[in-house]
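Engineer: I'd like to ask some things about the structure below.
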């Protein structure tokens, strides 16, 4: 029982990371119909921004050694700037392009960022020790949990609350939802298109920065493709949840996280190496049963 | 006008094949380095033309085709590697594969059949999804293939590669198959299925209203396309002589898609042209990375600039030529260009007094 509970908490912690990534991807998809492959690389940039740019094997912390109250906003700012820069330089000129073109453009951005990081920081993965205090374990009624997992789940819940309050009540949030519902109509009603899209990139940048810190504290290793698996799992999460629906992205993210963790825990050892294959097969099966995702978004359905 | 298709129909593939033959002829005159790049390019042409059969005609981007390449490559390698090595390293293979060694053409065809069979299973499942969801599902397929092939030690050698595959693919062998792929792809394009599929690309609802079974035509293209890409995989295996699952992953997926987009998704000419152009860009950047001697100083770009350069070229082409270099047109096609919606007005004015 204790074992199972432990697995549940692991699952929730991984699921909340995926949910945060999926939320960032789902937000841009809702407004822009952009499947942003570069989101994973925003995460990579957030993590690399902590150290000094050099190709040395040993990472020298710069921003990473600052107090967390300074570190977090600075990393967020860096990722937001990068995210908005990709919008200005690549996605804004492609505003009128089709969804597949945007998708491939984001693939190109992702490829450029990965190799840019490679160029600046070298190819070898680097070990980084961020917030080691968080890896200590606390015991709650027989359950031994690293503080980090609780922090991860807490942060996710917090960010989601803030996000939903922002989207429901703040002026800009309402504009974003309006743009996601019907972009053209929102523009007719006075919503500034490029502003809202820039805002969406900024919000997804903040989400990516949060994930990068939580993920790095967990793994302690930097690599130029570290964000890719997160983004890949989050994509399928977004599709499973229902493309264009934010609650769907969150549900999908948690679902994929839970399935992955449970497969890891309960698959026979021989099959455990194929965990990802099982997860993605599960995803395809879910899509077969519900082609529009678990929580289909109304606005995405094509009107004739 | 429609009925002239059968008369003039095969000008495009013949011109394409002739151009590729010319490139091959010039290439084999070069040194070993040039020949290697040339063979690599021709094999990629098989793969990209194969991808185009599905992506170009259906308008659904697939990230998973490199997965079919992987399937085809491994299947071909299983059949041709020395049985002694297989009995030590690949203990999980069935007896007839483990103890036998088969002629290479059959092995490559076997790879194509296996890739097609996988495509039937996968395609039957995901062709019902909408465009973007289907794209992401093909991504899931790529992950599944990668996960299985890099971990199933008894059958694929896992992370340690399969070695000792006979390297028999010369530039002319690769050319022959590239020509074949171009021909088949064109034949599919002008077939009934090709036409129905492109109708569904332009307007799904209208196509459905015209009694086109979108799932079925997409599936047909998907399977044919997987088979051609599978052949490309088999060629790749018998060109390199070594196989690792990680070759067939995001990076190759990116390069092949970049080739399609650079040339223009709308036409077969685009697929062929894209392969040539991207190969040239990559080779030039690679040479620059290696360094160029200018008098006494050697100028070289830092490692990674090849990939970044390719990304920049791709982004610029998408911004300034959204329908690719060919703008969705076929070469030497005097009357009627491939119907890309974005360029339809331009095309209409550009149509000369061809009739």
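Engineer: Testing residue A:33 on (1) surrounded by fewer than 24 Cβ atoms within 10 Å (Cβ to Cβ); (2) on the phi < 0 side of the Ramachandran plot, one condition comes back false. Which one is that?
Structural biologist: Status for residue A:33: all satisfied but (2).
Engineer: Collect the residues in the range B:131-176 that are facing chain A (nearest Cβ under 8 Å) and part of a loop (DSSP other than H, G, I, E, B), keeping them in residue-number order.
Structural biologist: Selection gives B:151, B:152.
Engineer: Next question, about the same structure. Quick one: in the range A:287-298, which of the residues that are within 11 Å of residue A:242 (Cβ to Cβ) and either touching a strand residue (DSSP E or B) at 6+ places or on another chain (Cβ under 8 Å) or more than 10 Å from chain B (Cβ to nearest Cβ) (or both) is modelled with the lowest pLDDT?
Structural biologist: Looking at the filtered set, the residue picked out is A:298.
Engineer: Further question: State which residue is farthest from the other protein chains (Cβ to nearest Cβ) when the search covers only the range B:204-254 and only residues that are surrounded by fewer than 24 Cβ atoms within 10 Å (Cβ to Cβ) and part of a loop (DSSP other than H, G, I, E, B).
Structural biologist: B:241
Engineer: While we're here: Being assigned to a loop (DSSP other than H, G, I, E, B) and more than 18 Å from residue A:235 (Cα to Cα) narrows it down to one of A:58, A:79, A:8, A:35, so name that one.
Structural biologist: None of the others qualify; the one that does is A:58.
Engineer: State all residues of the range B:10-31 that are outside any helix (DSSP H, G or I) and surrounded by 15 or more Cβ atoms within 10 Å (Cβ to Cβ); if no residue qualifies, say none.
Structural biologist: B:10
Engineer: If you check A:265, A:231, which single one turns out to be under 29 Å from residue A:133 (Cβ atoms) and surrounded by 21 or more Cβ atoms within 10 Å (Cβ to Cβ)?
Structural biologist: Going through A:265, A:231 in turn, the sole match is A:231.
Engineer: Return yes or no: is residue B:260 assigned to a helix (DSSP H, G or I), under 26 Å from residue B:12 (Cβ atoms) and either over 15 Å from the mean Cα position of the chain (by Cα) or within 14 Å of chain A (Cβ to nearest Cβ) (or both)?
Structural biologist: So residue B:260 passes the test.
Engineer: Here's something else I'd like to know. When you look at residue B:179, is it without any contact (Cβ under 8 Å) to a residue 24 or more places away in the chain and more than 14 Å from chain A (Cβ to nearest Cβ), yes or no?
Structural biologist: Answer is no for this residue.
Engineer: Further, regarding this structure: Considering A:238, A:283, which residue is over 13 Å from the mean Cα position of the chain (by Cα) and within 11 Å of chain B (Cβ to nearest Cβ)? Show your work before the answer.
Structural biologist: Numbers: A:238 fails: over 13 Å from the mean Cα position of the chain (by Cα).
Only one candidate qualifies: A:283.
Engineer: Pairs, please: C-beta under 8 Å, at least 6 apart or cross-chain, first residue at positive phi and surrounded by fewer than 20 Cβ atoms within 10 Å (Cβ to Cβ) and in the range B:315-334, second at pLDDT 80 or above and not in a loop (DSSP other than H, G, I, E, B)?
Structural biologist: What qualifies is B:332/B:11; B:332/B:12; B:332/B:15.
Engineer: Any residue at all in the range A:198-217 that's within 23 Å of residue A:19 (Cβ to Cβ) and in contact with a strand residue (DSSP E or B) (Cβ under 9 Å, 6 or more places away or on another chain)? Give the steps one after another, and end with the answer.
Structural biologist: As a first pass, look at the range A:198-217 and keep what is within 23 Å of residue A:19 (Cβ to Cβ): A:199-217.
When the remaining residues are screened for being in contact with a strand residue (DSSP E or B) (Cβ under 9 Å, 6 or more places away or on another chain), the result is A:216.
Looking through the range A:198-217, at least one residue is within 23 Å of residue A:19 (Cβ to Cβ) and in contact with a strand residue (DSSP E or B) (Cβ under 9 Å, 6 or more places away or on another chain).
The values are calculated or read from the model by the stated rules, or taken from the named source; none is laboratory data. None of the values given here were measured: they were computed from a predicted structure. Glycine also receives a Cβ, built like all others from the backbone with ideal geometry; neighbour counts cover every protein chain displayed.
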